[in-house]
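Below is one structure, written out as structure tokens; the observations come after it.
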Amino acid sequence: MMNMIKILLVLSFSVFFSSCFNYNKNFNTEIEMIEPEIYAKYLSMAPGNDKPNLYYSDESMLGLKLSRFSQNKWETIYLDQLDTQEHFNPVMGKHFLMYDKIFYLDYQTETRIVLKQLREKEEGGFLADGTRVTCSDFCILQDSPDSDPLLFYNDSGELKAAILEEQRYLEELEFDTEKFQGIGEFQVFKTFDYYTMVYSNDSELFLVRLALNKEDKKIDVESLLQIDSGIEQFHATLFDNDVTILYYSREYLLSYYCGGTNQKIGYYPEIHFLNVNYHNSHPVFTICAPDKESKNQPVYATYFIHYNDSNKKWREDLLVRSNTPFIACSSLSTTNNFYLLLSGNVLQLLTIPAAGL
């Protein structure tokens, strides 16, 4: 456990939270129902014309969808079927938006899950194209629209790295996979001349700095740091060439790591999702947890934890209450708005005017 003594610097979080709780009245938040009955585990947003384009999995239809705002209404497009009903696939619908393409996994047989890419055609409609990559989980990065993507993928429990040449052919990279045996969830980001990977392994959370050597076709592990232990879930984001990690531990503690320091946010009896993003150079945390004000039946609340420039303090605000928990979230910060796409038994888009933050 690293630098936990430094959490004393932010003990004011808990004290301030107990006295500040706004129920959304000061945000002028717009809440839109995208789909009333849907279970979507994987969500993404990309800037659109008037409102963001929404990409998400649909567990009941076993496919990937796109909803976009056109002519004052939401239009939903079914992009591709990704699975069958015959088994449970924990990463069904996981995808990455890379410039003009979407990369995702397509289940074909029990031993063959293929990485595919999909792009929108100029004449309309979408074109799906398979690659020669089979894996059970993946993370993909691309420096520019013309560069070859860098792929990290889980192949039968072994983490591998490769360059996806011409968006299709796999050039394997030498990678010391022994360091990552039993790897669980992972995210990878481009930071300066390095790549930074965040991953969990047996409830421990690690931060790894990786260097790509294209000439020797290898990935070198420059450093490996254990952030904390007893981790139940985490979410990371990139800001100003540094990675911020929001994580929840078995001690019911919500914390974040940034710049070499672990900081405590507060205690929650359970958390169903967590999300970190940035707005006006400050981290913004969104979580779903049991409603603190509910005394009788189970009620769940989506909390928005952010930095208030006017009084230079952190605050926690309740955005949405629900009888069932939201289980996934995607966030998008723009000049005028901060968007939250929430999924549980419904899919909702929350638009928070940036002027009110």
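The values are calculated or read from the model by the stated rules, or taken from the named source; none is laboratory data. Note that the structure is a prediction, hence the values are computed from the model and not measured. Cβ coordinates were reconstructed from backbone atoms using ideal geometry, including for glycine residues, and neighbour counts include every protein chain displayed.
Miscellaneous remarks
- When ARG132 is tested against (1) in a loop (DSSP other than H, G, I, E, B); (2) surrounded by fewer than 13 Cβ atoms within 10 Å (Cβ to Cβ); (3) modelled with pLDDT under 85, just one condition goes unmet, and that condition is (1).
- Qualifying residue in segment 40-51 (condition: surrounded by fewer than 19 Cβ atoms within 10 Å (Cβ to Cβ), among the polar types (S, T, N, Q) and modelled with pLDDT under 50): no
- With respect to the stated conditions, TYR267 is of a type in the set (Ser, Thr, Tyr), in contact with a helix residue (DSSP H, G or I) (Cβ under 9 Å, 6 or more places away or on another chain), surrounded by fewer than 15 Cβ atoms within 10 Å (Cβ to Cβ) and under 25 Å from GLU293 (Cβ atoms).
- Pairs with Cβ under 8 Å, 6+ apart, first in segment 166-195 and at positive phi, second in a strand (DSSP E or B): GLN167/LYS101; GLN167/GLN117; GLN167/ASP129; GLN167/THR131; GLY182/ASN201
- Cβ-Cβ contacts under 8 Å between residues 6 or more apart (or on different chains), taken from a first residue in segment 287-308 that is over 21 Å from TYR256 (Cβ atoms) to a second residue that is of a type in the set (S, T, N, Q) and buried (at least 16 other Cβ atoms within 10 Å of the Cβ), are listed as VAL299/SER322; TYR300/SER322.
- Top-ranked residue of segment 204-257 - restricted to ones that are under 21 Å from the mean Cα position of the chain (by Cα) and basic (Lys, Arg), ranked as surrounded by the fewest Cβ atoms within 10 Å (Cβ to Cβ): ARG250
- Leading residue by the ranking (nearest to LEU64 (Cα to Cα)) among those in segment 78-104 that are acidic (Asp, Glu) and not in a strand (DSSP E or B): ASP83
- Odd one out for PRO325 among (1) modelled with pLDDT of 90 or more; (2) crowded, with 17+ Cβ neighbours inside 10 Å; (3) more than 17 Å from TYR39 (Cβ to Cβ): (3)
- Scanning segment 79-88 for residues that are in contact (Cβ under 8 Å) with a residue 12 or more places away in the chain and out of contact with any strand residue (DSSP E or B) (no Cβ under 6 Å at 6 or more places or on another chain) yields THR84, GLN85, HIS87.
- Subset of segment 105-118 [in contact with a Ser or Thr (Cβ under 9 Å, 6 or more places away or on another chain), under 21 Å from TYR39 (Cβ atoms) and not hydrophobic (A, V, I, L, M, F, W, C)]: TYR107
- Of the candidates GLY157, GLY182, the single residue that is exposed (fewer than 14 other Cβ atoms within 10 Å of the Cβ), of a type in the set (Gly, Ala, Ser), closer than 19 Å to GLN233 by Cα and at pLDDT below 90 is GLY182.
- Lone unmet requirement of (1) part of a loop (DSSP other than H, G, I, E, B); (2) in contact with a strand residue (DSSP E or B) (Cβ under 9 Å, 6 or more places away or on another chain) for ARG315: (1)
- Strands (runs of 3 or more DSSP E) contained entirely in segment 136-246, each with at least 3 residues that are closer than 30 Å to VAL284 by Cα: 137-141, 150-155, 186-191, 194-201, 204-213, 218-228, 231-239
- Within segment 56-70, not a single residue is under 25 Å from CYS329 (Cβ atoms), assigned to a loop (DSSP other than H, G, I, E, B) and modelled with pLDDT of 95 or more.
- Every residue from segment 135-154 that is surrounded by fewer than 19 Cβ atoms within 10 Å (Cβ to Cβ), of a type in the set (Ser, Thr, Tyr) and within 27 Å of ASP202 (Cα to Cα): SER136
- Segment 251-301, subset in a loop (DSSP other than H, G, I, E, B) and of a type in the set (Val, Ile, Thr), residue farthest from LEU357 (Cα to Cα): VAL299
- Which numbered condition TYR107 misses (of (1) of a type in the set (Phe, Trp, Tyr); (2) in contact (Cβ under 8 Å) with a residue 12 or more places away in the chain; (3) part of a loop (DSSP other than H, G, I, E, B)): (3)
- Residue in segment 122-129 that is part of a loop (DSSP other than H, G, I, E, B) and either in contact with a helix residue (DSSP H, G or I) (Cβ under 6 Å, 6 or more places away or on another chain) or not acidic (Asp, Glu) (or both) present: yes
- Residue ID - modelled with the lowest pLDDT, chosen from residues in segment 74-91 that are closer than 13 Å to LYS116 by Cα and among the aliphatic types (A, V, I, L, M): LEU82
- Just one of the listed residues (PRO353, PRO290, PRO298) is at pLDDT below 90, surrounded by fewer than 20 Cβ atoms within 10 Å (Cβ to Cβ) and in contact with a strand residue (DSSP E or B) (Cβ under 8 Å, 6 or more places away or on another chain), and it is PRO298.
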